[in-house]
Amino acid sequence: MQALVYDPDQPAGLRLAEAAEPVLAPDQALVEVRAISLNFGELAYRTGRAQPGQVHGWDAAGVVVAATEDGSGPATGTPVVTFGWTVPGRAAAPCPRRRWRRGAGLGRLGATEIVIGLADVTGSVYGVLDNVGGQQLADAFSLLERGGVALSIGKASGQPTTIDLERERHRSSGQRIEPFAMGSGLAEDLGYLVRLLDQGQLDPQIGWRGSWERAPEAAEALLSRRVAGKAVLDLPA
């Protein structure tokens, strides 16, 4: 089969190549992938984690062409969204006919205040969702009010986060920080998200879309911060 694989010698570390056909476990389904989304994390942190020739991709949408042997996943012919390099039945969520819409801006999405950087944040906050890490996460944690939570989702800055725990100990009122990590059994959560998408209550924020033959272009645009939202690659039918 043809696949997008990791190649450190190619632009953005990606190239199209022939890959071995997947060998499925009883709890895995075979999905004909129609579109994939590039993630900053999988592009920026492959060195030392991925082997040359390894099939690339976390997010995918497609159609089940072979259901799981153990009956744990969607039936053959079901449109699904998945997360991960393999597709166990519990990680594939059925989805309705997909609609691709882009919002006109954060204000229309419900944001009441938009700031560039934390210097303009004048008050405390109860919750933080951070994709940057480094000093920004440390500064955001210091803004938490009593009982507030900071969720560390990613590390786009590439920098470690250092928090002055002694200072936090003196002001502590139950604030906490937690790392976000993906687990298995995502079908229910993914199903909830695609229902919101189908109902027009969730905007996927697709900032770039094109053929998977343009994967290096998309990866470079994503890593250079020229894509607002997700970069999606379409596979040929």
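The values are calculated or read from the model by the stated rules, or taken from the named source; none is laboratory data. Every value quoted in this text rests on a predicted model; they were computed, and no experiment measured them. Positions of Cβ are backbone-derived with ideal geometry, glycine not excepted, and every protein chain shown enters the neighbour counts.
Within the range 165-188, which residues are under 15 Å from Gly133 (Cα atoms) and out of contact with any strand residue (DSSP E or B) (no Cβ under 6 Å at 6 or more places or on another chain)? The answer is Ala181, and nothing else. Does any residue of the range 48-67 turn out to be at pLDDT 85 or above and farther than 30 Å from Asp7 by Cβ? Yes, there is a match, as at least one residue in the range 48-67 is at pLDDT 85 or above and farther than 30 Å from Asp7 by Cβ. Just to be sure I understand the filter: pairs with C-beta atoms under 6 Å, separated by 6 or more residues or on different chains, first member in the range 132-149 and closer than 22 Å to Gly41 by Cα, second member among the basic types (Lys, Arg) and surrounded by 16 or more Cβ atoms within 10 Å (Cβ to Cβ). Which pairs pass? Note: pairs meeting the criteria are Gly133/Lys155.
Under 17 Å from Phe180 (Cβ atoms) and either free of Cβ contacts under 8 Å to residues at least 24 places away in the same chain or loosely packed, with under 10 Cβ neighbours inside 10 Å (or both), is that true of Ala119? So that I can check it myself, show each step before the final result.
Details: under 17 Å from Phe180 (Cβ atoms): no; either free of Cβ contacts under 8 Å to residues at least 24 places away in the same chain or loosely packed, with under 10 Cβ neighbours inside 10 Å (or both): yes.
Answer is no for this residue.
The single condition among (1) at pLDDT 90 or above; (2) farther than 21 Å from Trp208 by Cβ that Leu16 does not satisfy is (2). Taking helices (runs of 4 or more DSSP H) as the structural unit, those lying wholly within the range 136-237 and holding at least 2 residues that are under 27 Å from Ala29 (Cβ atoms), under 17 Å from the mean Cα position of the chain (by Cα) and charged (D, E, K, R) correspond to 187-198.
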